[in-house]
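Just below is one structure, and these are the notes that go with it.
The values are calculated or read from the model by the stated rules, or taken from the named source; none is laboratory data. Worth saying up front: this structure is predicted, and the values here are computed from it rather than measured. Virtual Cβ from ideal backbone geometry, glycine too; neighbours counted across all protein chains shown.
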Ligand SMILES: [Zn+2]
């Protein structure tokens, strides 16, 4: 098994075997990276890798994982990005007992009217 030398941001130069390293290739843009768990501090380390470094690692017996960017990245996004205040407000909302109803009303007013319409339909069918 090949010995591989890499850099941990905390520990500096570390040595491990090819079995301890994983190359990751993004199939969306063919960008490469590699990751390992530092043998000294056990922290995860991830680094970008040029095609040349990927080739060297793979020829040394390092396993390859292919991955795709999450489909959510292609979804349209509306409104401003979330802020820390938004997160805090959401956290406080979740601490209330009726957070589901509050959230449904504030996010999807049309869903609330749809829910009321369905409830009314169910009532009508129940009494018919
Ligand atoms: Zn380390």
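Things to note:
- Members of the stretch 7-59 that are within 16 Å of the ligand (Cβ to nearest atom) and touching a helix residue (DSSP H, G or I) at 6+ places or on another chain (Cβ under 9 Å): 21, 34, 36, 37, 39, 47
- Among the residues listed as 27, 60, the single one being assigned by TED's automatic domain parsing to the domain that holds residue 7 and surrounded by 13 or more Cβ atoms within 10 Å (Cβ to Cβ): 60
- The residues of the stretch 48-70 that are within 17 Å of the chain's Cα centre (by Cα) and either in contact (Cβ under 8 Å) with a residue 24 or more places away in the chain or under 16 Å from residue 5 (Cα atoms) (or both), listed by number, are 65, 66, 67, 68, 69.
- Residue 92 vs. criteria more than 16 Å from the ligand (Cβ to nearest atom) and loosely packed, with under 13 Cβ neighbours inside 10 Å: yes
- For beta carbons closer than 8 Å, sequence separation of 6+ or different chains, a first residue in the stretch 99-128 that is assigned by TED's automatic domain parsing to the domain that holds residue 89 and a second that is at pLDDT below 75, the qualifying pairs are 104/111; 104/112; 104/115; 105/112.
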